[in-house]
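Let me begin by presenting the structure, written as C-alpha cells, before commenting on it.
The values are calculated or read from the model by the stated rules, or taken from the named source; none is laboratory data. Just so it is clear, the structure is predicted and the values come from calculations on it, not from any experiment. All Cβ positions, even for glycine, are placed from backbone atoms using ideal geometry, and neighbour counts span all protein chains on display. The accessibility values were calculated without ligands, DNA or RNA, using every heavy atom of the protein model including side chains. Shrake-Rupley method; radii C 1.70, N 1.55, O 1.52, S 1.80 Å.
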Amino acid sequence: MDLGNLHVDGGVERVKELKQKRQMEDLRVDGRGCEDYRCVEVETDVVSNTSGSARVKLGHTDILVGVKAEMGTPKLEKPNEGYLEFFVDCSASATPEFEGRGGDDLGTEIANTLYRIFNNKSSIDLKSLCISPREHCWVLYVDVLLLECGGNLFDAISVAVKAALFNTRIPRVRVLEDEEGSKDIELSDDPYDCIQLSVENVPCIVTLCKIGYRHVVDATLQEEACSLASLLVSVTSKGVVTCIRKVGKGSLDPESIFEMLETGKRVGKVLHASLQSILHKEESLGPKRQKVGFLG
C-alpha cells in the first residue's frame, strides 16, 4: 500500500467535502455567491482581417473569436437563407491537456454545441444573409480560439461569439440583372456601407454545476472537479430557453433540473443585459476608443 497516495486521496476528498459544505451555505472559496459570475472583460474589433471579432476574459478563461463573411451558395434545403459555420481551436498553450490531439474532442464538442444553440430561426435572421435565392448568400465563418482555460468554457465562448457577431459588418451588395437574365453581384465601394447583424435573440449559455445539494454558475476549474453533473442552459435575453444539455457522469433528479433551469433563466437575463450594455457603450465610443490587451 502506498501511504503517500492514500494521504493525497484523503486530502482531495477533504477539499471536496469543504467545497460542498460552502456551496450549501451559499459561499464559495473566492467569496462569490452561488449565482455570481467572476469579472468579465469584453473587447470587440480586436482582429483587423475579419468582418467582426471579440475577446472575452472570464476569470482565467481567455477566448478569442473572429467572424469572416464570405460569399457562398445557399444550402439546398434552405435556398433563401445564409448560414454559419463554426470552427474551434484549442490552443496547446491553454492547458497541457490540449497538446498533440488532446483538444480535438473538446473542440468538436464545443462546435456541435454552438450548432445546436444556433439551429433555430430566432437566433439570427438567416434570410438577411441571402443575396440571391438558390444562387448567392453570405456564409459566416466563426472561428473560436481557446487561449487559456480557467473553467466555464461554454459560457465564455457563447458570450464571445455574441460579441463578435455584434461587431460583424457585412458589405452591402446589389444584384444587377441584364436583359438576358444573367445576374452580377456589385459590392458597395463605401467601407461604411455595411449591414449590421441583429443579435438581440442570440442566446448565451449558462452552465450550472451541481455540487452537493446546490448548484453554482461560472464554476472554476476546482469547482468543476467537485461536480459530477452539470446542465448547460441556452437562454435568450428575454429568458427563453432554446436548448439544454446535461454533461458529466453523474445524474440529476427532475427537481434539481427544474431549479437549475429557473436559475439559468434568471442569471441569463442579467448576463445578457450586462453584455448588451457593454457592447453598446463600446460601439458609441467609435473608432477612437482606446484598445487594451495584447491585441490592441
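A compact table of results
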quantity: Selection within the stretch 44-67 - open to solvent by less than 20 Å² (accessible area, probe 1.4 Å), over 15 Å from R169 (Cα atoms) and in contact with a Gly (Cβ under 7 Å, 6 or more places away or on another chain); calculated: T61
quantity: Members of the stretch 165-187 that are open to solvent by less than 80 Å² (accessible area, probe 1.4 Å) and more than 22 Å from I124 (Cβ to Cβ); calculated: L176, D178, G181, S182, E186
quantity: Enumeration of residues in the stretch 115-150 that are open to solvent by 10 Å² or more (accessible area, probe 1.4 Å) and assigned to a strand (DSSP E or B); calculated: C130, I131, H136, W138, Y141, D143, L145, L147, E148
quantity: Residues of the stretch 206-222 that turn out to be of a type in the set (G, A, S) and buried (at least 21 other Cβ atoms within 10 Å of the Cβ), as a count; calculated: 1
quantity: Subset of the stretch 245-260 (residues that are in contact (Cβ under 8 Å) with a residue 12 or more places away in the chain and assigned to a helix (DSSP H, G or I)); calculated: S256, I257, E259, M260
quantity: Matching entry among P254, P287, P191 (being modelled with pLDDT under 95 and either more than 28 Å from V47 (Cα to Cα) or within 15 Å of the chain's Cα centre (by Cα) (or both)); calculated: P254
quantity: Failed criterion for N201 (all others in (1) within 15 Å of the chain's Cα centre (by Cα); (2) open to solvent by less than 30 Å² (accessible area, probe 1.4 Å) hold); calculated: (2)
quantity: Where a residue in the stretch 95-121 is at pLDDT below 90 and its partner, wherever it lies, is among the charged types (D, E, K, R), with Cβ under 7 Å and at least six apart; calculated: G107/D89
quantity: Subset of the stretch 140-186 [under 24 Å from H280 (Cβ atoms) and hydroxyl-bearing (S, T, Y)]; calculated: S158, T168
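Residues are listed down the side, and each one gets a yes or a no for (1) at pLDDT below 95; (2) open to solvent by less than 20 Å² (accessible area, probe 1.4 Å); (3) within 16 Å of R38 (Cα to Cα):
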site: K249; (1), (2), (3): yes, no, no
site: L261; (1), (2), (3): no, no, no
site: V267; (1), (2), (3): no, yes, yes
site: L271; (1), (2), (3): no, no, yes
